[in-house]
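Participant: Supplied in structure tokens, the structure appears directly below.
The values are calculated or read from the model by the stated rules, or taken from the named source; none is laboratory data. Computed from a predicted model, the values in this text were never measured in an experiment. Here the Cβ positions follow ideal geometry from the backbone for every residue, glycine too, while neighbour counts run over all protein chains shown. All accessible areas refer to the heavy atoms of the entire protein, side chains included, with ligands and DNA or RNA removed. Shrake-Rupley method; radii C 1.70, N 1.55, O 1.52, S 1.80 Å.
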Amino acid sequence: MLDAHRLRLFRAVVAAGSINGAAAALGYTPSAVSQHLAALQKETGLVLVEKRGRGIEPTMVGRTIAAEAGHVLERLADLESLVADLRSGRVGSLSVSYFASAGAAWIPPVIAAITNEFPRLRIDLRLIELVHDSSGEPDVEIFVEGAASTSLRGYDIERLLTEPYVVVLPENHPLAARDEVELSALRNERWVDNDVSRGPCRQAILDACSVAGFSPGFHIETHDYPTAISFVAAGVGVTVLPELGTGNLPPTVVARPLRNPTPTRTISVRTRDAVRDNPAVHRIMELLRERVGFPQAA
């Protein structure tokens with residue numbers, strides 16, 4: 001295998017036209033350059049230079065090797081730059097999975113900052129509700145604790161927040177005038193369901209209603225929070241959802257805190273062990289902490 005360092009020295013000799021000139025330019029002694037040149041000729045089994053007067057001159061074979069070495073060394077420099085970029089997280093790719101309401105509230109500003117700070121990094125965004133088994137394991141995943149999702153094995157887990165649920169009501173609803181709404185006051189309301197997956201977010205509501213002594217009467221089934229809120233705005237009924245899902249309420253509805261009891265859900269983020277030291281992953285975590293209002297980890 002040819003030594004890249006010797007190839008660089010040889011190109012310097014060809015460019016300078018002499019061993020002394022190359023040595024002076026590179027900060028080597030002439031004898032060191034001569035030794036490397038002799039070793040390179042031995043590695044190649046070719047005569048790369050020949051004496052000409054008091055100096056040397058590259059042979060035709062030597063000029064060919066020097067020219068081709070230039071292309072190789074240029075590619076090697078590109079590779080070294082790529083390695084440095086990968087080490088610093090500036091290139092490569094990361095897959096980030098998230099659930100819908102976190103996607104709407106957090107993902108756009110977080111990814112906007114990441115793409116600005118790491119412009120050559122590719123981000124593969126995945127909505128958990130649409131991810132298939134063939135999608136592979138994500139590098140970063142924002143998830144609701146208790147949800148069926150990526151295995152915990154091989155991940156670092158950090159809890160982001162535990163958030164309360166609120167009830168979304170038409171602005172002219174009698175309960176809309178209250179600062180807080182007793183969960184039991186919703187016993188006889190027409191409920192708009194908002195979680196077709198029947199996952200932990202919906203179960204938190206069912207458990208809280210059970211504590212309050214009733215089961216909610218779901219009259220409309222929707223697949224997401226925005227659609228459920230639209231039904232509330234149309235006067236169809238009320239919907240109960242996590243606070244994170246109320247970011248863009250229409251002017252004809254209001255959200256009120258629930259109590260006795262207050263349903264909650266816990267949101268965490270997991271990062272794959274393999275990307276633990278990736279600077280872009282560290283930055284994603286910092287940005288997520290900022291979004292949820294937590295102090296950054298030391």
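Let's see how each residue does on (1) loosely packed, with under 15 Cβ neighbours inside 10 Å; (2) touching a Phe, Trp or Tyr at 6+ places or on another chain (Cβ under 7 Å); (3) at pLDDT below 95:
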residue	(1), (2), (3)
Arg272	no, yes, yes
Val275	no, no, yes
Val281	no, no, yes
Arg291	no, yes, yes
Phe294	yes, no, yes
Ala297	yes, no, yes
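Participant: When residues of segment 259-280 are filtered for being within 23 Å of Phe99 (Cα to Cα) and over 31 Å from the mean Cα position of the chain (by Cα), how many remain?
Facilitator: The number of residues fulfilling the criteria is 1.
Participant: Go through segment 154-188 and count every residue that is among the hydrophobic types (A, V, I, L, M, F, W, C) and free of Cβ contacts under 8 Å to residues at least 12 places away in the same chain.
Facilitator: In the first step, residues of segment 154-188 are kept if they are among the hydrophobic types (A, V, I, L, M, F, W, C); the result is 157, 160-161, 166-169, 175-177, 181, 183, 185-186.
Remaining after also requiring free of Cβ contacts under 8 Å to residues at least 12 places away in the same chain: 177, 185.
Qualifying residue count, segment 154-188: 2.
Participant: Test of understanding: among Arg126, Arg90, which residue is more than 30 Å from Gly45 (Cβ to Cβ), modelled with pLDDT under 70 and surrounded by 15 or more Cβ atoms within 10 Å (Cβ to Cβ)?
Facilitator: Values: Arg126 fails: modelled with pLDDT under 70.
Unique residue meeting the criteria: Arg90.
Participant: Out of all the residues in segment 189-205, which are free of Cβ contacts under 8 Å to residues at least 12 places away in the same chain and either open to solvent by 50 Å² or more (accessible area, probe 1.4 Å) or in a strand (DSSP E or B) (or both)?
Facilitator: Arg198
Participant: Out of segment 171-187, which residues are open to solvent by 20 Å² or more (accessible area, probe 1.4 Å) and not in a helix (DSSP H, G or I)?
Facilitator: Of all residues in segment 171-187, those open to solvent by 20 Å² or more (accessible area, probe 1.4 Å) come to 171-174, 177-180, 182, 184-185, 187.
Correct list: Glu171, Asn172, His173, Arg178, Asp179, Glu180, Glu182, Arg187.
Participant: Then there is this: Answer yes or no: is there a residue in segment 214-227 that is part of a helix (DSSP H, G or I) and open to solvent by less than 60 Å² (accessible area, probe 1.4 Å). Talk me through it step by step, then tell me what you get.
Facilitator: Just the residues of segment 214-227 that are part of a helix (DSSP H, G or I), to begin with: 225-227.
Within this subset, residues satisfying the condition of being open to solvent by less than 60 Å² (accessible area, probe 1.4 Å) are 225, 227.
Checked against the condition, which is being part of a helix (DSSP H, G or I) and open to solvent by less than 60 Å² (accessible area, probe 1.4 Å), segment 214-227 yields at least one hit.
Participant: While we're here: Please tell me if Ala147 is among the hydrophobic types (A, V, I, L, M, F, W, C), in a loop (DSSP other than H, G, I, E, B) and either touching a residue at least 12 places away in the same chain (Cβ under 8 Å) or closer than 20 Å to Arg265 by Cβ (or both). Talk me through it step by step, then tell me what you get.
Facilitator: Details: among the hydrophobic types (A, V, I, L, M, F, W, C): yes; in a loop (DSSP other than H, G, I, E, B): yes; either touching a residue at least 12 places away in the same chain (Cβ under 8 Å) or closer than 20 Å to Arg265 by Cβ (or both): yes.
Against the criterion (among the hydrophobic types (A, V, I, L, M, F, W, C), in a loop (DSSP other than H, G, I, E, B) and either touching a residue at least 12 places away in the same chain (Cβ under 8 Å) or closer than 20 Å to Arg265 by Cβ (or both)), Ala147 qualifies.
Participant: Can you tell me which of (1) in a helix (DSSP H, G or I); (2) open to solvent by less than 60 Å² (accessible area, probe 1.4 Å) is the one Ser31 doesn't meet?
Facilitator: Condition not satisfied by Ser31: (2).
Participant: Which members of segment 53-75 meet the condition of being among the acidic types (Asp, Glu) and under 17 Å from Val33 (Cα atoms)? Spell out how you get there, then give the answer.
Facilitator: First pass over segment 53-75, keeping only residues among the acidic types (Asp, Glu): 57, 68, 74.
If the condition is that a residue be among the acidic types (Asp, Glu) and under 17 Å from Val33 (Cα atoms), then Glu57 is the only one that fits.
Participant: Looking only at segment 228-237, how many residues end up being in contact (Cβ under 8 Å) with a residue 60 or more places away in the chain and buried (at least 19 other Cβ atoms within 10 Å of the Cβ)? Spell out the reasoning first.
Facilitator: Residues of segment 228-237 in contact (Cβ under 8 Å) with a residue 60 or more places away in the chain: 228-229, 232-233, 235.
Cutting the leftovers down to buried (at least 19 other Cβ atoms within 10 Å of the Cβ) gives us 228-229, 232.
The total comes to 3.
The rows are residues; the columns are (1) under 30 Å from Arg283 (Cα atoms); (2) modelled with pLDDT of 80 or more.
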| position | (1), (2) |
| --- | --- |
| Phe10 | no, yes |
| Thr29 | no, yes |
| Arg54 | no, no |
| Thr59 | no, yes |
| Thr64 | no, yes |
| Ala67 | no, yes |
| Leu86 | yes, no |
